[in-house]
Structure formats: structure tokens, C-alpha cells
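> Dropping the structure in here first, questions after.
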Amino acid sequence: MPASMLKPGIFLFLFMLLSTTTLLADATVNGLTGTMLVPGLEILPPGGARAAVHLTGVSDFDEASFKGVFAFSDDSEVAVVKKFSINGPTDQTDPVFAGKYRVRPNMAVAAIVDPNEGYKDSVMLLSGLPGNRVVLGLGTNIAMGEKEKKARYGRYNENGTEVDPVFFIMGASLNIDSDTKLTIDYAGNDFCVGLRHAFDEALTFDFGFYTPDRIHTNSRYVVGANFGF
């Protein structure tokens, strides 16, 4: 290929990857809409709703979660997440609640209220590029009791230790084609690379790969589906 044609081709490829997708916002594994793990800057259309189910495990699935997301307005949405164990002792029993408010096109605030024993609540400030291409977040975990040491976001020094009170998160989304996105997430303790494919506006398939971390010595997989209403 002549050099004169190579450079325009590279720029066109990068534009296709970084261009804003026309897909609707999807629910994350942790609730709210965003990339695979991290809440994004997008909000569902007013009155819109999204439901999702995800299964996580090493060789067999040992954890499942159901969530529903609803948008009250152009700039706000709430979510409820029900998480339970498929094999082994139950880790969480009570629903977890979350909310997100978009302050401006490139900034949003989010909060997670976890009533389960031993879990902290989390608040975060999100910023980045509209369209969920790149989202950066800084947050804090708030303990309401002395026994609360875990949280949905944040870094652990080792298994059994308390989660850091301040955490950094990152989510990125690249368009592979008009229906498929590559997602990259860092959620303090979890690092996940995923694929999200939309069959239509009502159904999206999720597949993610977790690398080993301070809590999990083995890599894990997550599969799931998003449903629009």
C-alpha cells in the first residue's frame, strides 16, 4: 500500500474506534449504566429502563447478580442490584441501591448504598469524554459501622484486609464495529477486559475477563445480558 494511502487509512480506523456509538447505555455488573464495571457519563432516556443479569466464576459460575436501572430525567438514573451465590455460602442477601446524576456532559456524581453486613457505602465523582469512551472516577468508601471493611470499589492490600477509603476507577470503551464494543475497566481491586455486543436496541450480550487480584488468585469470567424496556 502506498504511504500516501496508509496515513489516511490509519486516521479513519482510529476515528471508527473512538467515534461515539449509537448503542443505548447498558447496565454494568455493579449497577447503573456504563462500561462493564464502572458507571459512565451516559444516562438512559427519560422514563427508560434497563435490566441485566450477569454470572461470574472461574470454571463454574458461583455468583449471579440481577439489576434494574431506571432514568427519572435526562440527567439522573437509579439502580437496584440483587447479588447471590450459586455455590458456597451466601455473600450478599439484601438489594444494593445506586444513583447517578449528570452535572454536565463531561461530569457526573454517583453513589452506592449497600445495606449488607460488612459493606461500606461509596460515593464518586466521574469525569471524562461523553459517550463512555473514557471515564475516570475518584471516590471514597464510607463506613457506617466498625465491622464494615468491604466495598464494591476500592483497593485491598491483601485478602482479609480493609478496603482503601479513597479509590480511583477507570472505564474505557472502543467501538469495534457499529454493534460491538471493547471495554476496559479498573475498579480499584478488579481489572476487567470485556466485549459487549448489541443484537438490537432491546438485547445486548456481555462477556468479560477478570485478571487475578489481591482477593482472587485465579482469573475469572463474567457473562451476561442486558434487556431494554
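> Listed residues GLY171, GLY154; which is modelled with pLDDT of 90 or more, within 16 Å of GLU42 (Cα to Cα) and touching an Asp or Glu at 6+ places or on another chain (Cβ under 6 Å)? It would help to see each step written out before you state the result.
Numbers: GLY154 fails: within 16 Å of GLU42 (Cα to Cα).
Exactly one residue qualifies, and that residue is GLY171.
> Could you give every pair whose Cβ atoms fall below 7 Å, whose first residue belongs to region 130-150 and is on the phi > 0 side of the Ramachandran plot and at pLDDT below 90, and whose second residue is of a type in the set (Ser, Thr, Tyr) and part of a loop (DSSP other than H, G, I, E, B), counting only separations of at least 6 or pairs across chains?
Sorted first by the residue in region 130-150, then by its partner, the pairs are GLY131/THR20; GLY131/THR21; ASN132/THR35.
> Something else: In region 139-171, how many are of a type outside the set (Phe, Trp, Tyr) and either touching a Cys at 6+ places or on another chain (Cβ under 6 Å) or in a strand (DSSP E or B) (or both)? Break it down into steps so the answer makes sense when it comes.
Here is the first cut: in region 139-171, the residues of a type outside the set (Phe, Trp, Tyr) are 139-152, 154-155, 157-166, 169-171.
Right, trim to either touching a Cys at 6+ places or on another chain (Cβ under 6 Å) or in a strand (DSSP E or B) (or both) and you get 139-142, 150, 166, 169-171.
The total comes to 9.
> Of all residues in region 162-185, which are of a type in the set (Phe, Trp, Tyr) and crowded, with 20+ Cβ neighbours inside 10 Å? Outline the logic, then answer.
Start the filter on region 162-185 by keeping residues that are of a type in the set (Phe, Trp, Tyr), which leaves 167-168.
Of everything in region 162-185, just one residue is of a type in the set (Phe, Trp, Tyr) and crowded, with 20+ Cβ neighbours inside 10 Å, namely PHE167.
> So which residues in region 93-122 are part of a loop (DSSP other than H, G, I, E, B) and either in contact with a Lys or Arg (Cβ under 9 Å, 6 or more places away or on another chain) or more than 16 Å from ALA25 (Cα to Cα) (or both)?
Initial filter on region 93-122 (part of a loop (DSSP other than H, G, I, E, B)): 93-95, 105-106, 114-118, 120.
Of everything in region 93-122, those that are part of a loop (DSSP other than H, G, I, E, B) and either in contact with a Lys or Arg (Cβ under 9 Å, 6 or more places away or on another chain) or more than 16 Å from ALA25 (Cα to Cα) (or both) turn out to be THR93, ASP94, PRO95, ASP114, PRO115, ASN116, GLU117, GLY118, LYS120.
> Can you name the residue in region 100-146 that is among the basic types (Lys, Arg) and in contact with an Asp or Glu (Cβ under 7 Å, 6 or more places away or on another chain) and, of all such residues, is farthest from MET170 (Cα to Cα)? Quick ask: steps written out before the conclusion?
Filtering region 100-146 for residues among the basic types (Lys, Arg) gives 100, 102, 104, 120, 133.
This time we only want the ones that are in contact with an Asp or Glu (Cβ under 7 Å, 6 or more places away or on another chain), so: 100, 102, 120.
Details: LYS100: 16, ARG102: 17, LYS120: 20 Å.
It comes out as LYS120.
The values are calculated or read from the model by the stated rules, or taken from the named source; none is laboratory data. The structure displayed is predicted, hence computed values, not measured ones. Every residue, glycine among them, receives a Cβ derived from its backbone with ideal geometry; neighbour counts consider all protein chains shown.
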